[in-house]
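One structure is given below, encoded as structure tokens.
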Amino acid sequence: MDAIFVFSISNNLSGHVLAEHFLRFCSSEVEIGGINEKQVPILRTQFGLATKVDSIFDKAQYDGTLGLAFSQYNGTQGYPFIMNAVTRGNFAKPVFTVYLDREVGKRKIGGLITYGGVDSYNCRPVFKYENVSSDYFYQFKIDEISLGQYKHRGQYKVELTFSKIMKGPPAIVAELAKAAGAQPTGDGITYSIDCNAEFQSLEIIAGSTKYKIDPDLLIMKVNFSSHRTY
């Protein structure tokens, strides 16, 4: 079985998470854009319409989800929204950028999606693109991951999903956390670390390219009444 690192909703649309079931698959115009901004219409977009949504939407500031799958295996049995927009020329470039705010709960806006380009305000410049290794996920292969004195070689698959956390094989994650000085929280999943902790960058090698993720991007503050982060 392949070990997978999840740089964490999956890019497939599922009616079992936020809705009991779909009434039917629909095709309509979908508009994208920021609040109080001019919207960009995406014609004949196919999506799933739910008959009953989960209670998670009762107090949410949104009333649904729009999948960002790129393949036909997106769950809608139709042409993916993201590819429909690219094919129709709605995007300046066939790319989109997802920025997620690391300070959970502090701001009303949790992030920003830039369609048709790279978010140069919140994100650093892109210097390399990797080929996807799956028809189902935004996934690519890596050959090595390291932090400080800990280094692990071996080919793994990395799935890019749109969540604020990073998950991986427990044994490797435990060593990475140890190298950073983080402590287990007791839930068997997350690790706690001081907000001002200093440690080396996380390094990932894919092919001939080495990627670095600096410490400030690996710390997410979740409790504003203390100085502990995850």
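Summed over the range 170-186, residues that are within 26 Å of Gln139 (Cβ to Cβ) and loosely packed, with under 14 Cβ neighbours inside 10 Å total 2.
Among the residues in the range 189-204, are any on the phi > 0 side of the Ramachandran plot, surrounded by 14 or more Cβ atoms within 10 Å (Cβ to Cβ) and either touching a Cys at 6+ places or on another chain (Cβ under 6 Å) or at pLDDT 85 or above (or both)?
Within the range 189-204, none of the residues are on the phi > 0 side of the Ramachandran plot, surrounded by 14 or more Cβ atoms within 10 Å (Cβ to Cβ) and either touching a Cys at 6+ places or on another chain (Cβ under 6 Å) or at pLDDT 85 or above (or both).
Over 30 Å from Met220 (Cβ atoms), in contact with a strand residue (DSSP E or B) (Cβ under 9 Å, 6 or more places away or on another chain) and either modelled with pLDDT of 70 or more or not in a loop (DSSP other than H, G, I, E, B) (or both): is that true of Gly67 in this structure? So Gly67 fails the test.
The values are calculated or read from the model by the stated rules, or taken from the named source; none is laboratory data. Predicted model, so just to flag it, every value in this text is computed and none were measured. Because the Cβ atoms are built from the backbone with ideal geometry, glycine has one as well, and the counts that use them run over all protein chains shown.
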